[in-house]
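Report on one structure; see the data block that follows.
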Amino acid sequence: MSNGISKKSNMKILILGSGVIGTTTAYYLARDGHEVTVIDRRGRPGLETSFANAGEISPGYASPRAGPGIPQKAIKWLMMAHPPLILRASLDPAMIEWMLRVLANCTSKAYAINKARMVRIAEYSRDLMIALRAETAIAYDERMQGTLQLFHEQKQVDAAHKDIEVLEQYGVPYQVLDRAGCIAAEPGLANSPATIAGGLRLPHDRNRRLLHLHQ
Ligand SMILES: Cc1cc2nc3c(=O)[nH]c(=O)nc-3n(C[C@H](O)[C@H](O)[C@H](O)COP(=O)(O)OP(=O)(O)OC[C@H]3O[C@@H](n4cnc5c(N)ncnc54)[C@H](O)[C@@H]3O)c2cc1C
């Protein structure tokens, strides 16, 4: 058995969508001996969400959207011209069920459980990505200087302790920095007019820029 699928069966598998999820799923299934076909509405693979995201590989920052305070924020977003999340109200039962499930997960307890699950799978995915690069020799420009999340207010620094508990739980290296520590990590911040109360640095994070996307 591999990935829960019997190798002996050599199945014919159809994958809908050739983003990062579809192509990597196809890769591992084909490597396990299955006959895999990937179809996409676009002329080439990876032309939608996987095409031009921020390129951050930051397992420690993986966090659920549903969390304490989100329902209140969602009401404010409804009144914004450019909200970070757009929900089109609909009577679709699947949409209503999804919204109720999101609401049920907006508690501190559910957030902690979901964040821990996301960090665990993100750490695993990062390790798989490193192995995949070695196996396929896919080349891309990469920076490995970590990431720094800045907090404007002390209450945000204090609120980070819940995320830090999860980082501790999964052995993700981190640094909690005061303003001076943030400037030491990123000297360009010394001239920033922004108020900086502190920051959370994940030194093992990386960024990637694809060089060979369409080859
Ligand atoms: C602005 C932005 C920034 C982001 N930054 C980061 C980041 O820094 N780090 C990070 O880890 N993640 C980031 N993400 C998230 C990340 O990009 C996505 O989670 C990831 O690309 C999703 O991959 P996917 O394969 O599920 O979807 P997609 O890449 O969207 O692939 C889905 C594919 O399915 C095809 N498809 C859809 N419907 C059909 C259909 N009906 N018939 C045929 N084909 C169909 C599409 O054409 C597409 O190729 C960011 C996302 C956004 C929007």
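The values are calculated or read from the model by the stated rules, or taken from the named source; none is laboratory data. Just so we're clear, the structure is a prediction, and the values are computed from it rather than from any experiment. When we count neighbours, we look across all protein chains shown, and the Cβ atoms used for this are built from the backbone with ideal geometry, even at glycine.
Numbers below:
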| quantity | calculated |
| --- | --- |
| Complete set of residues in the stretch 33-53 that are within 17 Å of the chain's Cα centre (by Cα) and free of Cβ contacts under 8 Å to residues at least 40 places away in the same chain | Glu48, Thr49, Ser50, Ala52, Asn53 |
| Whichever residue in the stretch 59-82 is assigned to a loop (DSSP other than H, G, I, E, B) and within 14 Å of the ligand (Cβ to nearest atom) and, among such residues, is nearest to Arg208 (Cα to Cα) | Ala62 |
| Test: residue in the stretch 108-117 that is of a type in the set (S, T, N, Q), under 19 Å from Gln149 (Cβ atoms) and part of a helix (DSSP H, G or I) | yes |
| The stretch 34-58, residues that are in a loop (DSSP other than H, G, I, E, B), surrounded by 11 or more Cβ atoms within 10 Å (Cβ to Cβ) and within 6 Å of the ligand (Cβ to nearest atom) | Asp40, Arg42, Leu47, Glu48, Thr49, Ser50, Gly55 |
| Selection status of Pro71, in contact with a Leu (Cβ under 8 Å, 6 or more places away or on another chain), modelled with pLDDT under 95 and surrounded by 10 or more Cβ atoms within 10 Å (Cβ to Cβ) | yes |
| Filter pass, Pro64 being farther than 26 Å from Gln149 by Cβ and either within 21 Å of the chain's Cα centre (by Cα) or aromatic (Phe, Trp, Tyr) (or both) | no |
| One residue from Leu85, Leu91 being within 13 Å of the ligand (Cβ to nearest atom), hydrophobic (A, V, I, L, M, F, W, C) and modelled with pLDDT under 95 | Leu85 |
| Residue tally, condition within 21 Å of Ala131 (Cβ to Cβ) and of a type in the set (Asp, Glu), over the stretch 28-56 | 2 |
| Pair list, Cβ < 6 Å and 6+ apart or interchain, from the stretch 108-127 residues that are of a type in the set (Asp, Glu) to residues that are crowded, with 17+ Cβ neighbours inside 10 Å and in a helix (DSSP H, G or I) | Glu123/Pro59 |
| Residue tally, condition more than 20 Å from the chain's Cα centre (by Cα) and within 13 Å of Asp178 (Cβ to Cβ), over the stretch 146-155 | 1 |
| Ala30 being more than 10 Å from the ligand (Cβ to nearest atom), over 22 Å from Gln149 (Cβ atoms), outside any strand (DSSP E or B) and free of Cβ contacts under 8 Å to residues at least 60 places away in the same chain | yes |
| Pick from the stretch 141-197, criterion without any contact (Cβ under 8 Å) to a residue 40 or more places away in the chain and assigned to a strand (DSSP E or B), ranking: surrounded by the most Cβ atoms within 10 Å (Cβ to Cβ) | Leu177 |
